[in-house]
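Peer 1: This is the structure I have questions about; it appears just below.
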2 protein chains.
Amino acid sequence: MKAEIITIGDEILIGQIVDTNSAWIGQQFSLNGIEIYQVTSVHDDREHILEAIRKAEEKVDLVVITGGLGPTKDDITKRVLCEYFDTQLVFHEPTLEAIKVRFANRGIDVNRLNQDQAMLPESCTILPNKLGTAPGMWFERNNTIFVSMPGVPFEMQYLVEFELLPRLRETGRTKAIFHKTVLTQGVPESMLADRISDWEDALPKHIKLAYLPNPMSVRLRLSAYGDNEATLRKEVEAEIEKLRPLIAESIFGYDEDTLASVTGQMLSANGKTLAVAESCTGGYISHLITSVSGSSVYYKGGVTSYANEVKQQVLGVSAESLESVGAVSEEVALQMVKGVKRLLNADYAVATTGIAGPTGGTEEKPVGTVWIALAGQNKTFARKYVFVGDHRERNIVRSAQTALQLLRQLILEETSH
Amino acid sequence: MKAEIITIGDEILIGQIVDTNSAWIGQQFSLNGIEIYQVTSVHDDREHILEAIRKAEEKVDLVVITGGLGPTKDDITKRVLCEYFDTQLVFHEPTLEAIKVRFANRGIDVNRLNQDQAMLPESCTILPNKLGTAPGMWFERNNTIFVSMPGVPFEMQYLVEFELLPRLRETGRTKAIFHKTVLTQGVPESMLADRISDWEDALPKHIKLAYLPNPMSVRLRLSAYGDNEATLRKEVEAEIEKLRPLIAESIFGYDEDTLASVTGQMLSANGKTLAVAESCTGGYISHLITSVSGSSVYYKGGVTSYANEVKQQVLGVSAESLESVGAVSEEVALQMVKGVKRLLNADYAVATTGIAGPTGGTEEKPVGTVWIALAGQNKTFARKYVFVGDHRERNIVRSAQTALQLLRQLILEETSH
């Protein structure tokens with residue numbers, strides 16, 4: 001089954017919001033053997049929406065439309081769908097009842113705009129939305145299915161999971177796809193490609209390889225297409241078995257693994273604990289670690305020592321070091337990492353101190369300068385990095401990822417012998 | 001000038017990566033008066049790419065293509081462009097030289113795959129890429145401009161900023177757009193729409209209003225289209241002056257403001273400082289605060305007290321409370337907030353303790369239960385929230401945003417009289 005996603009809304013086109021809906025639907029569809037042929041984002045504009053639906057109908061079996069279903073005047077999807085399917089809006093009692101119950105729970109009265117939300121196209125099947133006021137709509141014509149859903153992410157996700165996917169599975173028109181992604185770091189894309197070139201050339205036709213680089217790592221995704229998911233899984237895993245020895249030292253995980261989750265697994269397998277002291281990363285390392293479910297087993301906690309007095313009073317950094325070499329220095333990074341390890345009584349600790357920018361740089365210590373310190377069971381050290389560019393968020397992310405990378409290497413070293 | 005963005009790559013369609021490139025380009029183009037007509041995401045597939053470019057050429061003046069320019073076998077954009085423009089790949093000496101310099105700096109040899117990256121379409125203008133190995137390409141045909149850039153975000157951003165936009169401005173074909181967004185919270189979309197209905201109906205034809213709801217707030221975006229940006233700005237600001245009294249108490253900021261930035265401005269205007277103690281939010285509040293440039297002026301720092309012993313030893317929470325009522329309780333939240341305020345010697349403090357999930361819930365304290373405590377200059381209190389759903393990341397985000405919302409209200413209260 002081939003699908004196209006049409007997202008409606010000026011906010012996506014002007015970049016005010018990032019279209020995370022399409023990515024989420026893409027993931028769910030892939031897991032369910034539905035291929036996404038294309039994603040198209042269009043304006044809240046009648047003609048443009050009609051044209052996008054018309055073009056999609058020519059190419060795919062399933063057209064998924066998100067957005068433009070709110071109670072307000074800029075949302076026009078419902079009327080455009082009536083025009084496309086030559087039907088009319090009729091009053092749908094159960095939808096109004098559901099809206100009334102939702103609002104009563106919040107102590108709010110239903111107004112005219114909400115009542116309009118219960119006016120729905122006569123020829124569609126209504127998909128009830130338990131998390132919002134606009135229901136989903138399911139149309140069929142010839143052999144094509146059309147589904148319209150609100151663009152609010154958690155409402156759309158609810159409808160896909162509990163209404164759309166169950167109905168699509170019933171049609172028996174879904175096919176099997178299996179993806180697995182190998183996560184690597186430390187080797188640039190072109191060198192990686194060189195090393196695995198023979199293996200890549202020998203891949204069977206129905207298994208495709210894609211390189212997905214980003215500044216901190218290169219991901220290799222294998223996608224297999226066929227009839228039976230269990231067979232595809234076996235074939236992909238056999239290919240990965242052949243790949244692994246070629247690039248063993250650069251692989252750090254698979255699929256949804258992150259540096260934080262992989263590091264966490266190593267800590268918990270060895271019964272070790274972790275603490276973090278952050279200055280320039282401002283809590284982001286701690287956030288990455290605690291985004292992993294179950295992290296409370298190995299993560300004791302952290303101190304964000306933004307002010308120098310907090311570095312001194314909580315972490316025990318010496319006033320003299322702060323005075324003589326400054327907060328962004330090897331000395332202070334080492335004192336921070338030792339301080340937090342002792343204070344939180346942990347087996348491993350990480351510390352960062354640097355200049356995230358865009359302001360605060362000097363000639364000697366430009367924006368992007370970061371000292372990262374690590375403390376393990378036998379070893380304590382600090383390393384300096386100078387990331388290029390004065391983009392605050394990017395420098396925070398790179399500093400945090402590099403810290404986790406160093407932590408992973410240290411744990412590997414200390415627990416493998 | 002009207003543009004279409006075509007993003008190439010299976011990774012976007014299967015949802016492995018979220019297409020942030022289109023949003024970023026959309027923002028930059030909007031600021032430069034270029035309207036985005038459509039965003040289309042297609043497979044790494046020759047025919048599909050050709051068709052997307054052909055359809056775009058019919059509708060717009062500028063076709064921006066990202067992705068598919070890497071050194072590896074799955075990247076086919078360059079060859080497809082040669083086919084489309086009926087030209088051939090020729091060797092481009094300056095590009096190979098640039099690649100050699102980049103690699104020499106990293107101590108890596110140039111391989112065959114990188115040499116291939118210096119083979120470029122004969123009929124295009126090369127846009128040098130200082131941050132990567134694949135340059136941008138600029139084609140013109142009839143009155144349409146086509147630009148192809150790598151999909152790696154920081155390389156694409158560099159090319160847009162330093163190569164594409166300056167060249168587009170030279171064409172003199174850009175027009176004026178002005179956007180301003182009003183950020184509100186605490187009033188649902190439909191009630192807001194009711195209150196401002198008369199104002200909305202009276203808006204001039206060239207100013208459009210859009211409602212952008214998300215779980216924590218509703219944003220109202222005004223977009224004005226015309227010839228002169230300064231005039232549009234004045235008109236939009238005059239409309240916002242009329243809007244403001246209708247919903248004064250729900251407006252917390254404009255455009256790129258966040259709860260963290262707005263709260264930070266209030267703190268620094270009043271010369272006050274802030275500290276944070278986090279359990280279930282795990283450092284995320286601290287990350288939001290420190291994502292604001294200049295936050296070191298008012299932010300002293302925070303303690304992520306994930307383990308109970310850290311709550312006791314660092315923040316001074318009593319062992320008895322942890323034993324009798326548990327970590328997720330009003331008592332512990334209050335002790336955490338008082339503890340961190342004292343420890344870091346701050347004027348304001350926030351604390352969170354809860355169950356982010358997906359596991360760890362009980363009948364009495366289900367996943368999503370959070371106690372948020374606030375301490376100001378005269379007042380200390382805690383409030384309980386029960387967020388619905390066991391989605392860890394969503395519960396962390398909602399807890400953090402709610403904490404910042406309460407902090408903003410408390411500062412407003414304590415500094416306005």
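Peer 1: Give the Rg/Rh ratio for chain A, taking Rg as the radius of gyration of the Cα atoms and Rh as the Kirkwood radius, to two decimals. Write down the numbers at each step before the final one.
Peer 2: Details: Rg = 26.7 Å, Rh = 25.1 Å.
With Rg and the Kirkwood Rh in hand, the quotient comes to 1.06.
Peer 1: Using Cα pairs closer than 8 Å and at least 6 residues apart in sequence, work out the relative contact order for chain A, in percent. Don't skip to the answer; put the middle values down first.
Peer 2: Numbers: 750 pairs, mean separation 41.4, N = 417.
Value for chain A: 10 percent.
Peer 1: For B:R195, go 7 angstrom from Cα along the Cα-to-Cβ vector, then report the distances to that same point in the other copies in nm, smallest first.
Peer 2: Values, ascending and in nm: 5.9.
Peer 1: Full extension from A:E364 to A:R79: what is 0.36 nm times the residue separation minus their Cα-Cα distance, to one decimal in nm?
Peer 2: Here the answer is 96.4 nm.
Peer 1: Given contacts defined as C-alpha pairs under 8 Å and at least six residues apart, what's the relative contact order of the stretch A:25-157, whole-number percent? Before the final figure, lay out each step's value.
Peer 2: Working: 182 pairs, mean separation 33.8, N = 133.
Averaging sequence separation for qualifying contacts and normalising by length gives 25 percent for the stretch A:25-157.
Peer 1: Can you figure out the FRET efficiency of B:E97 with A:K384, using R₀ = 22 Å and their beta-carbon distance, to the nearest 0.05? It would help to have the intermediate numbers written out before the result.
Peer 2: Working: r = 30 Å, r/R0 = 1.36.
Between B:E97 and A:K384 the formula returns 0.15.
Peer 1: Right, next: Hey, if you drop one equal point scatterer on each alpha-carbon of the stretch A:259-415 and run the Debye formula without solvent, what base-10 log of I(q)/I(0) do you get at q = 0.09, 0.15 Å⁻¹?
Peer 2: The computed values of log10 I(q)/I(0) come out as -0.25, -0.70.
Peer 1: For the stretch B:1-152, take N as its residue count and report Rg(C-alpha) divided by 2.2 N^0.38 Å. If you can, show how the numbers build up before the last one.
Peer 2: Numbers: Rg = 15.4 Å, N = 152, 2.2 N^0.38 = 14.8 Å.
Normalised by 2.2 N^0.38 Å, the Cα Rg of the stretch B:1-152 equals 1.04.
Peer 1: Also, quick follow-up: Roughly speaking, what is the stretch gain from B:L203 to B:N105, that is 0.36 nm per residue apart minus the C-alpha to C-alpha distance, in nm to one decimal? Mind dumping the intermediate values first?
Peer 2: On the way: separation 98, 0.36 × 98 = 35.28 nm, distance 5.69 nm.
Result: 29.6 nm gained on full extension.
Peer 1: Amide H neighbours of A:T369 under 5 Å, at least 5 residues apart or on other chains, H built in the peptide plane: list them.
Peer 2: A:I355, A:F387
Peer 1: In what order do B:Y348, B:Y284, A:Y211, A:Y254 fall by count of nearby beta-carbon atoms within 10 Å, going from fewest to most? Provide the component values of the computation, followed by the final result.
Peer 2: Working: B:Y348 25, B:Y284 28, A:Y211 22, A:Y254 13.
With the fewest neighbours first, B:Y348, B:Y284, A:Y211, A:Y254 line up as A:Y254, A:Y211, B:Y348, B:Y284.
Peer 1: If you wrap the stretch A:119-170's Cα atoms in a convex hull and average its projection over all directions, what's the area in nm²? Spell out each step's value before the answer.
Peer 2: Details: hull surface 15.0 nm².
With every direction weighted equally, the projected area is 3.8 nm².
Peer 1: Can you tell me the Rg and Dmax of the stretch B:90-131, counting just the alpha carbons, in angstroms?
Peer 2: Taking only Cα atoms of the stretch B:90-131, I get Rg and Dmax of 10.5, 33 Å.
Peer 1: Of A:K208/B:K2; B:K2/B:K242; B:K175/B:K242; A:K205/B:K78; A:K180/A:K205, which ones are farther than 25 Å apart at the Cα? Please list the in-between numbers first.
Peer 2: Values: A:K208/B:K2 35 Å; B:K2/B:K242 31 Å; B:K175/B:K242 27 Å; A:K205/B:K78 23 Å; A:K180/A:K205 16 Å.
Over 25 Å Cα-Cα: A:K208/B:K2; B:K2/B:K242; B:K175/B:K242.
Peer 1: May I ask you to sort A:E241, A:E189 by Cβ crowding, counting other Cβ atoms within 10 Å and putting the fewest first? Could you put the intermediate results ahead of the total?
Peer 2: Numbers: A:E241 9, A:E189 20.
So the residues, fewest neighbours to most, are A:E241, A:E189.
Peer 1: Would you order B:K242, B:K180 from fewest to most other beta-carbon atoms within 10 Å of each residue's own beta-carbon?
Peer 2: Working: B:K242 12, B:K180 17.
Going from least to most buried by this count: B:K242, B:K180.
Peer 1: Using a Förster distance of 25 angstrom, determine the FRET efficiency expected from the C-beta separation of A:E237 and A:D257, and round it to 0.05.
Peer 2: Numbers: r = 16 Å, r/R0 = 0.63.
Result of the calculation: an efficiency of 0.95.
Peer 1: Quick one: label points 7 angstrom along Cα→Cβ at B:V90, distances to the other copies in nm, smallest first?
Peer 2: Once sorted, the set of distances for B:V90 reads 6.7 nm.
Peer 1: Related question: What aspartates and glutamates could a cross-link reach from A:K379, if we take a straight Cα to Cα line under 18 Å and drop same-chain neighbours fewer than 8 places away?
Peer 2: Reachable aspartates and glutamates: A:E330, A:E331, A:D347, A:E413, A:E414.
Peer 1: Quick one: in chain A, whose Cβ comes closest to the A/B rotation axis, and how close in angstrom?
Peer 2: Taking Cβ atoms only, the nearest residue and its distance are A:G283, 2.
Peer 1: Next question. Residues with amide H under 5 Å of A:A134's amide H, sequence separation 5 or more or different chain, H placed in the peptide plane at 1.01 Å from N; which?
Peer 2: Counting only residues 5 or more places away or on other chains, the set is empty.
Peer 1: Per residue of the stretch B:111-117, what does 6.51 cos²θ - 1.76 cosθ + 1.60 with θ = phi - 60° give for ³J(HN,Hα)? Whole Hz please, x for Gly and Pro, Karplus curve as stated.
Peer 2: Along the stretch B:111-117, the couplings run 10, 4, 5, 5, 4, 4, 5 Hz.
Peer 1: Just the Cα atoms of the stretch A:177-254, one point each, no solvent: what log10 I(q)/I(0) does Debye give at q = 0.10, 0.11, 0.19 Å⁻¹?
Peer 2: With no solvent term, the Cα-only Debye profile gives -0.21, -0.26, -0.76.
Peer 1: Could you tell me which residue out of B:Q185, B:G68, B:G294 lies farthest along the dipole of chain B toward its positive end? Charges go on the beta carbon: Lys and Arg +1, Asp and Glu -1, centred on the Cα centre.
Peer 2: Farthest towards the positive end: B:G294.
Peer 1: Any idea which of B:Q28, B:M216, A:L209 is furthest toward the positive side of the dipole for the protein assembly as shown, if Lys and Arg beta-carbons carry +1 and Asp and Glu beta-carbons -1?
Peer 2: Result: B:M216.
Peer 1: To the nearest 500 deg cm²/dmol, what mean residue ellipticity at 222 nm is calculated for chain B from DSSP H runs of n ≥ 4 alone, each contributing -39,500 (n - 2.57), summed and divided by the residues? The partial results should precede the final answer.
Peer 2: Working: 17 runs with 165 residues, N = 417.
The per-residue figure over chain B is -11500 deg cm²/dmol.
Peer 1: What percent of all Cα-Cα pairs in the protein assembly as shown falls in each 10 Å bin, counting up from 0?
Peer 2: Values per bin, smallest distances first: 2, 12, 20, 25, 23, 14, 4, 0.
Peer 1: Next question. Can you pull the Rg over Rh of the stretch A:153-299, Cα-only, Kirkwood?
Peer 2: Working: Rg = 19.1 Å, Rh = 18.3 Å.
In the stretch A:153-299, Rg relative to Rh is 1.05.
No value in this document is a laboratory result; all are computed from the given coordinates. In this text the structure is predicted, and so the values were computed from the model without any measurement. Every residue, glycine as well, gets a Cβ built from its backbone with ideal geometry; the counts of neighbours run over all protein chains shown.
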